[in-house]
């Protein structure tokens, strides 16, 4: 017995599990990994929601949001206007296009960079607003689940709950007349 006891105390002695510790060198402890993943997700959601905590309500912010909405429609309507101008007065349009042909290439690159940065920033802003709405929606999930549970409990008290559905024998039992003195009296008076 002494030899076996010493062998097990070497492997499992001192409150340690050498086999488990050795296995965890090669394989992740699933429970500890799940705990780390849950903590990471909770921290990421908390950081994500804190980024969007500031609500812009001032008049200047609303004005700037309106100004930021102008370039895209202006570009789209301006392009359509060029097509209309080309059809209405081709000579006028051709002379304006000759002027554009004289714009140096570096200026085109600069215009392209400005437009790309503007629309890229706009896309990023809209993407962040979308992410914010997703975060707010996810925060409401527990309340929606609770509301759904309460509504299901109320359904048992709603009219029509005693409906017999497609069960014919249950329907016949529900339609079977019982001895009702008030109904019998009423029928007698009507006859």
Could you tell me which of rounded, prolate or oblate describes segment 105-150, using a ≥ b ≥ c as the square roots of the eigenvalues of the alpha-carbon gyration tensor, with rounded for a/c under 1.5 and, failing that, prolate when a/b is larger than b/c and oblate otherwise? prolate
Going by C-beta contacts inside 10 Å, put 48, 123 in order with the fewest on the left. 123, 48
Between residue 118 and residue 154, what is the label-point separation in nm under the 7 Å Cα-to-beta-carbon projection? 5.0 nm
Three-way shape label, segment 64-191, alpha-carbon gyration tensor, a/c 1.5: prolate
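Under the rule a/c < 1.5 gives rounded, and otherwise a/b versus b/c splits prolate from oblate, where does segment 41-91 land using the Cα gyration tensor?
It is oblate, given that a/c is not under 1.5 and a/b is not larger than b/c.
Where a number appears in this text, it was derived from the coordinates with a stated rule and is not lab data. Remember, it's a predicted structure, so these values are computed and weren't measured experimentally. Because the Cβ atoms are built from the backbone with ideal geometry, glycine has one as well, and the counts that use them run over all protein chains shown.
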